[in-house]
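For reference, the structure discussed in these notes is given below.
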Amino acid sequence: MEVSKTEFDFDIKTVAIEDSDYKQADIRMLGNIVFQLYLIREFENTLLKLSAEGCLHGPVHTSIGEEACAAGAMATLKPSDKIASTHRAHHHYLAKLINYYAKKDFDAAKGEISEQCQQGVITLMGEVMGLSIGCCKGRGGSMHLRNPEIGVIGTSASSRRSAYSYRGSICIKVQ
C-alpha cells in the first residue's frame, strides 16, 4: 500500500474542551437537550414497536443514534428559522418542534411541557401512522413531513421543492 501526502487549501483546526468550558455551560439548556434526546429516542422506539405490530403503513426510517445531532443543531436556531431535512427526519422535526414552542425560560427538568408541544408530538405520530390528525393529514407518512408553522418546510422530496419557495431567505438543510 502506498500512502501519499495530501495538500489542503484550508486550515484544519482542533477544538479542545477544557474543564472551564463545562463550568460555563448553561445547565438548564443542557437539561433541555437531554430531554430532547430522551423524547426522540422514545418516539423512535415507539414507532418500531408500532411497525412490528403492523400499525404503520409503508417504511419507517428511524433516526435512532442521531438524536444528539438534531438536538444540538436545533438548539442553535431561532424559532423563526426554517429547516429542510432528509427522509429520516423525525428527530429534526421533534427537536425543531420543542425549540419552537419552548419559552425562553423553558426547563424540562420542571416538567413544564406546553400543551402545544405535546400536541405537536401527537400530530407527528398521527402523520407517521397515516391519520388525518397528522401534520400532512396522514398523506406524507414517515418520510414526507411538513409543518411551516414550526419551520419545517419539508423533508425528503418535499424539502427540495419547498426550499425553492424560500429563495432570498436563509434556509438550512439538515442531514
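Computed from the coordinates by the stated procedures, all read-outs in this text should not be read as laboratory data. All values derive from a computational prediction rather than experimental measurement.
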Stretched fully, the stretch from Glu7 through Asp26 gains (0.36 nm per residue minus C-alpha distance, one decimal, in nm) 2.9 nm
Scalar couplings 3J(HN,Hα) for the stretch 142-148 by Karplus 6.51 cos²θ - 1.76 cosθ + 1.60 (θ = phi - 60°), nearest whole Hz, x for Gly and Pro, are 6, 9, 10, 9, 7, 8, x
Here the gain from full extension of Ala52 to Gln118, 0.36 nm per residue of separation minus their alpha-carbon distance, amounts to 21.3 nm
So His61 and Asn45, fully extended at 0.36 nm per residue minus their Cα-Cα distance, gain in nm 4.6 nm
Sorted by chain and then number, the residues having a modelled amide H within less than 5 Å of the amide H of Gly154, at least 5 places away or on another chain, are Ser85, Asn147
